[in-house]
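Report on the following structure.
Nothing in this text is a laboratory measurement; each read-out follows from the coordinates by a stated rule. Bear in mind that the values here come from a model prediction, so they are computed numbers and not experimental data. FYI the Cβ positions are ideal-geometry reconstructions off the backbone, even for glycines, and counts take in every protein chain you see.
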Amino acid sequence: MERSYPAERNSEIELRLLIEAIYLKYSYDFRDYSGASIKRRVQHALSQFECATISALQEKVLHDPTAFMQLLQLLTIPVSEMFRDPSHFLAIRQEVVPLLKTYPSIKIWIAGCSTGEEVYSMAILLREEGLLDRTIIYATDINPRSLEKAKQGIFSMENVRAYTANYQQAGGQRSFADYYTAAYGYAIFDKSLCENVTFADHSLATDSVFSETQLISCRNVLIYFNKKLQDRAFGLFHESLCHRGFLVLGSKETLDFSGYSNQFEPLVKQERIYRKS
Amino acid sequence: MNGAVDLPKVEAIVVGASAGGVEALMTMLGALRAGFGLPIIIVLHLPEERRSQLAEVFARRLALPVTEAMDKQDIKPGTVYFAAPGYHLSVEQDRSLSLSLEDRLHHSRPSIDFLFESAADAYGEALAAVLLTGANHDGARGLAQVKRHGGLTIVQDPQDALVATMPEAALKIHQPDHILPIHGIGRLLVELERIAC
């Protein structure tokens, strides 16, 4: 009698093989991403690519780098907004900025900057606090298309209207419209905001630390990592931050379940603002 | 109560609710005594405010520990977890919770389908899924997925639901193991816990 092999496990096996193939061929490492979300995104990709199975998708992206670049857009989640969680930015302004002002020059790392919303939010805040001129911002992401969009600084007017309310609640001191030019339904942000911004390809899964920094912002990126990869990222942040440097996370992210919880102390716990201890 | 005999041994309960859900959940969870030994993970659709008071409100009224789900939190027996507004909530294979910001599904984030489908993957037949009152179609697909993985499915009787749309949508695509009024679901959960713990 033949043994039975349950079919339900097929997609689990195929998913692991796809992720392994992507790593081997393109060096993008999704192996330690949270499983539930990556599984949904691959399933969504199947319908977009009109592939019946994950194996078929694997064959396609392995042999066609253009197809892989399309898949990468579906695997990374460019969901972001400016001044997301306004109270978080207000807390940075009130609690972190006075301490940043004591440094003669400041380096900030925005890890997983996606299409740039966090970068422009931070640059605007720093300009209003008189710190932008002596700050270097490293904005990094694994997705080259997101980085390209971030560099351009062009956002749809529809979204910018929502960001305006966020900006005001975040303690914004001017009219938000001072920072962009509106044209054809888009807002083109002031290029001078990005004079000291370096956009760069960097992976928290495979790359190492590139500079000492005073503040690292990594918001709504770590939720896509499993605990092991989260710990790798926290390790990089710990190494990069100067003595008493600042780490800021997304509103539902925490150091509490990580091996690094003792190496940082909360400055504003509610807003996920930590300091290297 | 139909089917009070032959209940399976489950290790977790997932619950989805939308319009009318606060009252329904108060009644259902109010039936559970202190020391209830199964974890209960809940998606309740609410407007996406920045900070939800949901966990606090329920914590004051219930005999069980209630908390807002945090990313990478291990699921503990006897704890009630509410999905945070604005984020999807999933169960991982290692039975921890994870959050994500994928697009809204059925105009909702958190999505009941995402919670149910991921929990079905993680718990298989050791899962009970409960779909309550609501005004949209979220949860129907997830409930069917729970069944495909051998889990137990329970839908609030549309006659008993404040808004019948969500239970009715589920009944259209899936025949659940139990269709019960909210008090009956509360009693069923008590029974499930007695068998499991």
Assuming R0 = 30 Å, can you tell me the calculated FRET efficiency for the pair A:Glu20 and A:Val79, based on Cβ-Cβ distance, to the nearest 0.05? 0.70
The FRET efficiency for A:Arg174 and B:Arg194, from their Cβ-Cβ distance with R0 = 45 Å and rounded to 0.05, is 0.10
Per Stokes-Einstein, at 37 °C and 0.692 mPa s, what whole-number D in µm² s⁻¹ belongs to chain A, with the Kirkwood radius over Cα pairs as the hydrodynamic radius? 164 µm²/s
Using the structure shown, select from A:Lys252/B:Lys147; A:Lys107/B:Lys72; A:Lys227/A:Lys252; A:Lys39/A:Lys107; A:Lys107/A:Lys269; A:Lys276/B:Lys72 the pairs with a Cα to Cα distance greater than 26 angstrom. A:Lys252/B:Lys147; A:Lys107/B:Lys72; A:Lys39/A:Lys107
Across segment B:120-134, in residue order, what do the Karplus-derived ³J(HN,Hα) couplings come to in whole Hz, using 6.51 cos²θ - 1.76 cosθ + 1.60 with θ = phi - 60° and x for Gly and Pro? 4, 4, 7, 9, x, 6, 8, 10, 10, 10, 10, 10, 10, 3, x
Any chance you could give the angle, 0 to 90 degrees and rounded to 10, that helix A:54-63 forms with the longest Cα principal axis of chain A? 70 degrees
Which distance in nm do the two modelled labels at A:Glu50 and A:Ser277 give, with both placed 7 Å along the Cα-to-Cβ direction? 5.8 nm
Could you work out how far apart the two model spin labels at B:Met26 and B:Arg95 are, taking each label as a point 7 Å from the Cα in the direction of the beta carbon, and quote it in nm? 3.2 nm
Give, as ranges by residue number, the residues of segment B:67-88 whose backbone N falls under 12 Å from the point 7 Å along Cα→Cβ of B:Arg61. none
Residues in segment A:255-273 that a label on A:Leu99 would reach, taking backbone N under 19 Å of a point 7 Å out along Cα→Cβ: A:255-256, A:260-273
Extending each Cα 7 Å along its Cβ direction at A:Arg161 and A:Thr181, get the distance between those two points in nm, one decimal. 2.3 nm
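If I take R0 = 41 Å and measure r between the Cβ atoms of A:Ser211 and A:Ala7 in this structure, what FRET efficiency does the formula 1/(1 + (r/R0)^6) give, to the nearest 0.05?
With R0 = 41 Å, the Cβ-Cβ based efficiency is 0.25.
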Enter the Cα centre distance for the pair segment B:17-90 and segment A:56-89, rounded to the nearest angstrom. 31 Å
At 0.36 nm per residue, and after removing the present C-alpha to C-alpha distance, how many nm does the segment from A:Glu59 to A:Arg145 gain when stretched out fully? 28.7 nm
Lys, Arg +1 and Asp, Glu -1 on Cβ, resulting dipole of segment A:9-75 about Cα centre, debye, nearest 20: 160 debye
